[in-house]
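Engineer: Got a structure here, written out as structure tokens. Questions coming.
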Amino acid sequence: MSIKERLSGNEAVTNAMRQINPDVVAAFPITPSTEIPQYFASFVNNGKVDTEFITVESEHSAMSACIGSEASGARTMTATSSAGLALMWEMLYIASSMRLPIIMSVVNRALSGPLNIHNDHSDSMGARDSGWIQIYGENNQEAYDNFIQAVRIAEHPDVNLPIMNCYDGFITSHAVENIELIDDDSVKNFVGEYTPKYHLLNKNQPISLGPLDLPQHYFEHKRQQAEALKNAKQVILDVAKKFEEMTGRKYSLFEEYEMEDAELAIVLLNSTAGTAKYVVDELRAEGKKVGLIKIRIFRPFPVEEIAKALSKCTVVAILDKADSLNGAGGPLFTDITSALYGKTHTIKVINYIYGLGGRDVKINDIRFVYDELQKIFDGKKIESIFNYLNVKE
């Protein structure tokens, strides 16, 4: 049964946490994710959950507490943004290498410096190789749905990896939208009870977590992590199918919008997809064959699937809300061009860095990109593969 509500993205995610009722939440506040532990603390205080809520002195401590509780067999969650995620850096790698299915909402915000509290993707993109699964959501509904699915994905025995539930700071986290919540019992049944096979408090099967790993074994353990990430792709699809059966809402590794016969396409992440879809609809009404791909799963990256989805296009623009500062392209661009390498020689691909530090991305900006793609389609020589969109040079 669905429940129609009006909630911000942070409220929606916190309601998902309440419905799941995790064993432990350890968190430290940072804009714009602060509301998540704030709202959840009120659920703890008024008895709506029986979660152990741990207040800590920093984000490094928050992730350390999450690692300790999850390693002890407790279903554990947290939230952070920007410099908070950066302060966790060391512990992110420890959480994934210990194969702990922690769920963390990352409310995307620019990294300092200069100091900026607004949205871009530099925080989670910086952590893209930390061994965490990364799921991105366009709006409040997706932030809520992704969080619930994340629990079942992370705890699957073929995966056992932590997950970042990423959505845009302020744009999604604080904007109030209509949303359909799932009833509490259905959520509880969907995620199920957490019964890890191995944990530190199981006296009948003692284990060691986090010991020194010398050259004889370290390589193999990292390889196991890589295999778990590969396994996650099918698990993500299987969980999405079960979720669709429960809610009617369909999810995959990415969303294809008007891609059936698209000659020109844009690929991007998160909330900008809403603006881009509006432009696609306008251009389709003008008879132009344009489309859009919105990446949902960035780690593990859907290499074969994205190459197939783009194979019929002639010109593609990859939009990155983070700069790799390498002069060659943003993180999404380099992953997609790697996916296409050796599979097609006919697609022309360009990159735009956009929206850094919360710079507005408007309809005219997206139209400009499609106009540039059309010019290239019509024979214009590509002057620069790597570009910045709407920056005051």
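Engineer: I'm checking my understanding of the structure. Among residues of region 375-393 that are touching a helix residue (DSSP H, G or I) at 6+ places or on another chain (Cβ under 9 Å) and of a type outside the set (A, V, I, L, M), which one is farthest from residue 265 (Cα to Cα)? Explain how you work it out, then say what you get.
Structural biologist: Our first condition is that a residue be touching a helix residue (DSSP H, G or I) at 6+ places or on another chain (Cβ under 9 Å); within region 375-393, this holds for 380, 382, 385-391.
Next, from what is left, pick out any that are of a type outside the set (A, V, I, L, M): 380, 386-388, 390.
On the way: 380: 17, 386: 16, 387: 16, 388: 18, 390: 19 Å.
Filtering region 375-393 for residues that are touching a helix residue (DSSP H, G or I) at 6+ places or on another chain (Cβ under 9 Å) and of a type outside the set (A, V, I, L, M), the one farthest from residue 265 (Cα to Cα) comes out as 390.
Engineer: Could you check region 101-121 and list, in sequence order, the residues that are in contact with an Asp or Glu (Cβ under 9 Å, 6 or more places away or on another chain) and either surrounded by fewer than 23 Cβ atoms within 10 Å (Cβ to Cβ) or among the acidic types (Asp, Glu) (or both)?
Structural biologist: Matches in region 101-121: 111, 120.
Engineer: If you check residue 370 against the conditions, is it surrounded by 16 or more Cβ atoms within 10 Å (Cβ to Cβ), hydroxyl-bearing (Ser, Thr, Tyr) and under 25 Å from residue 132 (Cβ atoms)? Working first, answer last.
Structural biologist: Numbers: surrounded by 16 or more Cβ atoms within 10 Å (Cβ to Cβ): yes; hydroxyl-bearing (Ser, Thr, Tyr): yes; under 25 Å from residue 132 (Cβ atoms): no.
In short, no.
One line per residue, one yes/no per condition, for (1) in contact with a His (Cβ under 6 Å, 6 or more places away or on another chain); (2) under 24 Å from residue 330 (Cα atoms):
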{"residue": "90", "(1), (2)": "no, yes"}
{"residue": "102", "(1), (2)": "no, no"}
{"residue": "108", "(1), (2)": "yes, yes"}
{"residue": "125", "(1), (2)": "no, yes"}
{"residue": "133", "(1), (2)": "no, yes"}
{"residue": "143", "(1), (2)": "no, yes"}
{"residue": "152", "(1), (2)": "no, no"}
{"residue": "171", "(1), (2)": "no, yes"}
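Engineer: Output yes when any residue across region 41-57 is in a helix (DSSP H, G or I) and under 23 Å from the mean Cα position of the chain (by Cα), and no when none is.
Structural biologist: Step one: list which residues in region 41-57 are in a helix (DSSP H, G or I), which gives 41-45.
Applying the additional criterion that residues be under 23 Å from the mean Cα position of the chain (by Cα) yields none.
Scanning region 41-57, I find no residue that is in a helix (DSSP H, G or I) and under 23 Å from the mean Cα position of the chain (by Cα), so the answer is no.
Engineer: Also, quick follow-up: If a residue must be over 13 Å from residue 63 (Cβ atoms), buried (at least 24 other Cβ atoms within 10 Å of the Cβ) and touching a helix residue (DSSP H, G or I) at 6+ places or on another chain (Cβ under 6 Å), how many such residues does region 22-41 contain?
Structural biologist: Number of matching residues: 2.
Engineer: Cβ contacts < 6 Å: first residue farther than 15 Å from residue 75 by Cβ, restricted to region 194-207; second residue not charged (D, E, K, R), any location; separation 6+ or different chain. Result?
Structural biologist: Between residues of region 194-207 that are farther than 15 Å from residue 75 by Cβ and residues that are not charged (D, E, K, R), the close pairs are 207/198.
Engineer: In this structure, does residue 44 turn out to be more than 25 Å from residue 223 (Cα to Cα), touching a helix residue (DSSP H, G or I) at 6+ places or on another chain (Cβ under 6 Å) and not acidic (Asp, Glu)? First the steps, then the outcome.
Structural biologist: Working: more than 25 Å from residue 223 (Cα to Cα): yes; touching a helix residue (DSSP H, G or I) at 6+ places or on another chain (Cβ under 6 Å): no; not acidic (Asp, Glu): yes.
Here the answer is no, as residue 44 does not meet what is asked.
Engineer: Right, next: Name every residue in region 135-159 that is in contact with a strand residue (DSSP E or B) (Cβ under 8 Å, 6 or more places away or on another chain) and either over 20 Å from residue 22 (Cβ atoms) or of a type in the set (Gly, Ala, Ser) (or both), in order of residue number.
Structural biologist: 136, 137, 138, 139, 140, 141, 142, 143, 150, 154
Engineer: Name the residue, out of 229, 214, 201, that is in contact with a strand residue (DSSP E or B) (Cβ under 9 Å, 6 or more places away or on another chain), closer than 20 Å to residue 94 by Cβ and assigned by TED's automatic domain parsing to the domain that holds residue 98. Spell out the reasoning first.
Structural biologist: Working: 214 fails: in contact with a strand residue (DSSP E or B) (Cβ under 9 Å, 6 or more places away or on another chain); 201 fails: in contact with a strand residue (DSSP E or B) (Cβ under 9 Å, 6 or more places away or on another chain).
Answer to the check: 229.
The values are calculated or read from the model by the stated rules, or taken from the named source; none is laboratory data. All values derive from a computational prediction rather than experimental measurement. For neighbour counting, all protein chains shown are included, and Cβ atoms are generated from backbone atoms with ideal geometry for every residue, glycine included.
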